[in-house]
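Just below is one structure, and these are the notes that go with it.
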Amino acid sequence: MIPRAVDPAADSGADSGAGPGATALLLAELTRNGRISLRLACSRLTTWESLLVQHVLGRGDVEYLAAVPPAPPTAPPTATGPGTVTLTRSPLAGLSLWAPGEPPGPEAEHVGGLRVPAEVLDAVAEEARVFETREAADRHEADTILRTWEKNGELDDRLARLADWVERVESVYILIGRDVFSKSDAGTNTLTRQGLLTGLRASPVDDWRPADRLFVVLAYCLFVSGRSVRFEEFNGLQLSATGLREFLLDRHAQYCAALDRGPGGAAGLPLLELAELVRALMHDVDRSELMRYRRINGLTFVKNERLLDFPLPRDPETMPELVARHGRLNLGVEPTGDVRADLRAMTLAAVALDAAAEADPGPAPPVQGSVGELLAAVVLSSIVATDADYGMSSSVRDLSGLRGVRPGSPDGVLALKKGDFFCCCLPHPTRMAEVGEETAPILWRSAQRMMYNRWHFAPGEYDRAEIPDKRHYFFPPQVPDIAEHAEHHHGGHVASRVRYTIRAPGAQVWHPPFTVFGHGYRGCYDIRLVRMEGPPFTTTELAEAVRHCSLVDELWRTLAQGLQSGTLDVPPVTGFDRSWYESRGWERLRPFGLATPAPARVDPV
């Protein structure tokens, strides 16, 4: 991080330093000491800032000035000698670089400056003009779209829809030049709480800032290309007209390659048509040999979609050993080699045991029921297979609660409370030993958060018109993701020591939705994995989580099919509540006993 009062030449007593040390400090600040890539760091800078960074890194004639005051607004850039680039830092924008004579923003914290040779500033200005000319041409198309909406009387309706879409995603944090468009519990909320979108609805387009006009059109196109999660692909980054077109063309090319199709003439399509084409291809890609997933950086909120070579069906080739042992020893199910059929048989056996225990409790039936214990076996297997510190799976306790007054209606879902959901959150058999007495609070806090998330996601697959305006909800996650530095900006993650994560949601997008009582759901159950320290998870472990989520998927589909057909008496999942966690209920799970290494034998002397 660039120091406030320390400079690279401090050993000589000087107040400035030159050479690679100066730009090394700049690089460390931009990348948060290597926690984000330089590419990602430059993507959040304005065009001029990004070009300057690319020009100065590694140069020996750039000086760092630790205590230079901000230049007055009237100071012109120097044409014949070095110019001073002011460096500031702010909670939202991070590090900013201000051209000689450019006044820093009013909320920026001054941290120093760089003395840059005049020829470098000249080259940066030349290259910036090239980018700005292209951007102006692409902005003209966006402005034409906006004016057409206004002329046709569609603008207010589109603004209302955009405002609603923004509310359905956890964090929006988009930069257009020096302007921030945000909606986040962890930072500012310029879009809704501070009334930016409401204010736009109340004023003519001619009164809007250029950045406002651009945001409305580009954000709308992003949603068209793949729902509001597309907003998150530009979190903490610059969004421009040129950048959006290149993003859509890149996504189109990747999708066509995944489908072994030629790209055609996508480059010449109007922006909205290009967005619609990308959205249409997305569903075909989900059934291809490549799996869509998202890579998340918690420092910037950015969530970038990637494609992983992971052929279908993406189920385990063989039943994971821990699940197979639990099925054989505790459910009486011998494996046949057909993984889904075996999991289905285990589920039916667990339901039968729960029904028998309800009819005749006998000696100490499992607190969480046999179905809950089977789910725990799958969760624990995923934790061990990925060497996670802890992991979880969450869903609704009682499937019958999803039944509406008519098939497919949302009233059953809308009546659910947070306590109607559960989360089976388990520790690794050995990795959390050093946490000691904090294990139960960590697991219970995580479980509570997931129960709330389940409640928050539950209405997300219904039509907007069916959900009351006052019922807040998010669109549920649909594709797997892998995250780093998840503890930043998130108090719940800090409390539960969540740093590296994997999420594999179900029903998976390469399968039909999980359908029960006439309505299809996605993101209604999952496998989630956590590491409290490094190393970060890899895509190999992401694939393992996806395979285990296939088992969770089969469990819930088996229960739903039996419930709807009347062939199964499916009891609610019990346990996994505060008392269960506080009493360390996971230690009484039979799968946990199977996964815990036996103590070494010590022979008597």
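The values are calculated or read from the model by the stated rules, or taken from the named source; none is laboratory data. None of the values given here were measured: they were computed from a predicted structure. Here Cβ is always computed from backbone atoms with ideal geometry, including for glycine, and neighbour counts include all displayed protein chains. Surface accessibility is based on the protein's heavy atoms, side chains included, excluding ligands, DNA and RNA. Shrake-Rupley method; radii C 1.70, N 1.55, O 1.52, S 1.80 Å.
Name the shape class, rounded, prolate or oblate, that the alpha-carbon gyration tensor gives for the stretch 229-357, where a ≥ b ≥ c are the square roots of its eigenvalues, rounded holds for a/c under 1.5, and otherwise prolate holds if a/b is larger than b/c and oblate otherwise.
Prolate shape, in that a/c is at least 1.5 and a/b is the bigger ratio.
Can you work out the PRE-style zone for T133? Point 7 Å along Cα to Cβ, and I want the residues of the stretch 162-196 with backbone N under 20 Å.
Hits in the stretch 162-196 for T133 at 20 Å: none.
Given N residues in the chain, what is Rg(Cα) / (2.2 N^0.38 Å)?
1.09
Restricting the count to DSSP beta bridges whose residues both fall in the chain, what percent are antiparallel, rounded to a multiple of 5?
Around 90 percent of the beta bridges assigned by DSSP in the chain are antiparallel ones.
Evaluate E = 1/(1 + (r/R0)^6) for E167 and L308, where r is the Cβ-Cβ distance and R0 equals 35 Å; express this FRET efficiency to the nearest 0.05.
That pair, E167 with L308, gives E of 0.70.
Can you compute the modelled spin-label distance between A160 and V405, with each label point 7 Å from Cα toward Cβ, in nm?
So the two model labels end up 2.5 nm from each other.
With every protein chain in place, what's the accessible area of V384 (1.4 Å probe, Å², nearest 10)?
In the full protein context, V384 sits at about 70 Å².
Among residues other than G327 whose Cβ falls under 14 Å from its Cβ, what is the net charge (Lys/Arg +1, Asp/Glu -1)?
-1
How about K303: which lysines have a C-alpha closer than 18 Å to its C-alpha, ignoring those fewer than 8 places off in the same chain?
K183
By accessible area of protein heavy atoms, probe 1.4 Å, what ranking do D398, D206 get, highest first?
D206, D398
With a 1.4 Å probe and every protein chain left in place, tell me how much accessible area T539 has, in Å² to the nearest 10.
40
Please compute the length gained on full extension between E321 and E334, using 0.36 nm multiplied by the number of residues separating them and subtracting their Cα-Cα distance.
3.5 nm
Any chance you could give the angle, 0 to 90 degrees and rounded to 10, that helix 118-151 forms with the longest Cα principal axis of the chain?
60
Got a number for the accessible area of E167? Probe 1.4 Å, square angstrom, nearest 10.
50
Does a label point 7 Å from the Cα of D463, set along Cα-to-beta-carbon, have any residues of the stretch 502-531 with amide nitrogen under 17 Å, and which are they?
Under 17 Å, as judged by backbone N against the label point of D463, lie 518-521 of the stretch 502-531.
Starting from the Cα of K418, draw a straight line to each of the aspartates and glutamates and keep only those under 13 Å, dropping any in the same chain fewer than 8 residues away.
Within the straight-line limit of under 13 Å, K418 reaches these aspartates and glutamates: D398, D577.
Dipole magnitude of the chain about its Cα centre, charges +1 at Lys/Arg Cβ and -1 at Asp/Glu Cβ only, in debye to the nearest 20?
860
Let me have the 222 nm mean residue ellipticity of the chain computed from DSSP H runs of 4+ only, each contributing -39500 (n - 2.57), with the sum over all residues rounded to the nearest 500.
Counting only the DSSP helices, I get -13000 deg cm²/dmol.
Mind jotting down the distance between the C-alpha centroids of the stretch 497-526 and the stretch 423-454, whole Å?
Cα centres, the stretch 423-454 to the stretch 497-526: 21 Å.
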